[in-house]
1. Out of the residues in region 109-132 that are part of a loop (DSSP other than H, G, I, E, B) and of a type in the set (A, V, I, L, M, F, W, C), which is modelled with the highest pLDDT?
2. Ile9 - would you say it is modelled with pLDDT of 95 or more, part of a strand (DSSP E or B) and near the ligand (Cβ under 10 Å from one of its atoms)?
3. Could you check how many residues of region 141-162 are buried (at least 22 other Cβ atoms within 10 Å of the Cβ) and either more than 18 Å from Lys47 (Cα to Cα) or polar (S, T, N, Q) (or both)?
4. Looking at (1) under 14 Å from the mean Cα position of the chain (by Cα); (2) more than 8 Å from the ligand (Cβ to nearest atom); (3) among the charged types (D, E, K, R); (4) open to solvent by 40 Å² or more (accessible area, probe 1.4 Å), find the lone condition where Arg55 falls short.
5. Check off (1) closer than 24 Å to Ser71 by Cβ; (2) in a loop (DSSP other than H, G, I, E, B) for Pro14 and give me the number that stays unchecked.
6. Looking at (1) touching a strand residue (DSSP E or B) at 6+ places or on another chain (Cβ under 7 Å); (2) within 13 Å of the ligand (Cβ to nearest atom); (3) open to solvent by 40 Å² or more (accessible area, probe 1.4 Å), which is the only condition Gly38 fails?
7. Conditions first: (1) more than 19 Å from the chain's Cα centre (by Cα); (2) of a type in the set (Lys, Arg); (3) open to solvent by less than 40 Å² (accessible area, probe 1.4 Å). Arg138 passes all but one, so which condition is the exception?
8. Filter region 15-30 down to the residues that are closer than 18 Å to Val56 by Cα and more than 8 Å from the ligand (Cβ to nearest atom), then identify the one that is surrounded by the most Cβ atoms within 10 Å (Cβ to Cβ).
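The values are calculated or read from the model by the stated rules, or taken from the named source; none is laboratory data. Every value quoted in this text rests on a predicted model; they were computed, and no experiment measured them. When we count neighbours, we look across all protein chains shown, and the Cβ atoms used for this are built from the backbone with ideal geometry, even at glycine. Only protein heavy atoms, including side chains, enter the accessible area calculation; ligands, DNA and RNA are left aside. Shrake-Rupley method; radii C 1.70, N 1.55, O 1.52, S 1.80 Å.
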Amino acid sequence: MQKVRGILIGRMQPVHNGHMQVIKQILEEVDEIIIGIGSAQLSHESKDPFTAGERVVMMSQALAEMNVDPSRYYIIPMQDINFNAIWPSHVKMLTPPFSIVYSGNSLVKQLFSEEGYEVKQPPLYDRLHLSGTEVRRRILEDENWQELVPKATAEVIEEIDGVERMKQLSIREISDI
Ligand code: NAD
């Protein structure tokens, strides 16, 4: 029988518990999930501090922590392109075939629904705290960010000295103004 595949695309800067909750829920609805690591070309910027490769490691180790069978997911980095109208085709070129797009991002939803895809908006879990913006803010302000992310994300950030990287980026961006 043909497999039902869904896709979730996010910048995942960094991977946090909201992403993992939503992935868990999607895996209850589809046979396989494609996880697109968006804006793969970006790193070393305060809104996008981590490289695509670092985000891939965060995601694959967080899925292992959740005991997700590796045959049920694909993790695919995808660069942005300048043309929104053809972005869904760009994504399609990079991924196995899929029929359902899961997103809370209004542009992503609009672009894929105009292409005829089934688009679903999964519920947001504790959006006040579970967002990349909040994790990055807490990292910079030395607050407890570890409680918002899987162990895997905290380990990668420690391994790459990510807190120091983010602090340097923030100092550089302020001094460049
Ligand atoms: P994100 O990491 O903020 O979120 C990704 C998804 O995770 C969301 O859609 C949402 O469904 C889920 N999520 C996040 N927090 C959650 C929570 N607390 N509870 C439940 N679910 C939660 O990433 P994003 O900004 O939506 O990423 C979209 C990507 O698509 C970006 O990389 C963007 O550049 C890319 N994009 C590119 C083009 C182009 O290249 N032309 C066009 C559109 C979008």
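1. Looking at residues that are part of a loop (DSSP other than H, G, I, E, B) and of a type in the set (A, V, I, L, M, F, W, C), I get Leu130.
2. Values: modelled with pLDDT of 95 or more: yes; part of a strand (DSSP E or B): yes; near the ligand (Cβ under 10 Å from one of its atoms): yes.
Against the criterion (modelled with pLDDT of 95 or more, part of a strand (DSSP E or B) and near the ligand (Cβ under 10 Å from one of its atoms)), Ile9 qualifies.
3. The number of residues fulfilling the criteria is 2.
4. Every listed condition holds for Arg55 apart from (4).
5. (1)
6. Evaluating Gly38 over (1) touching a strand residue (DSSP E or B) at 6+ places or on another chain (Cβ under 7 Å); (2) within 13 Å of the ligand (Cβ to nearest atom); (3) open to solvent by 40 Å² or more (accessible area, probe 1.4 Å) leaves (3) as the failure.
7. Result: Arg138 passes all but (1).
8. Val15
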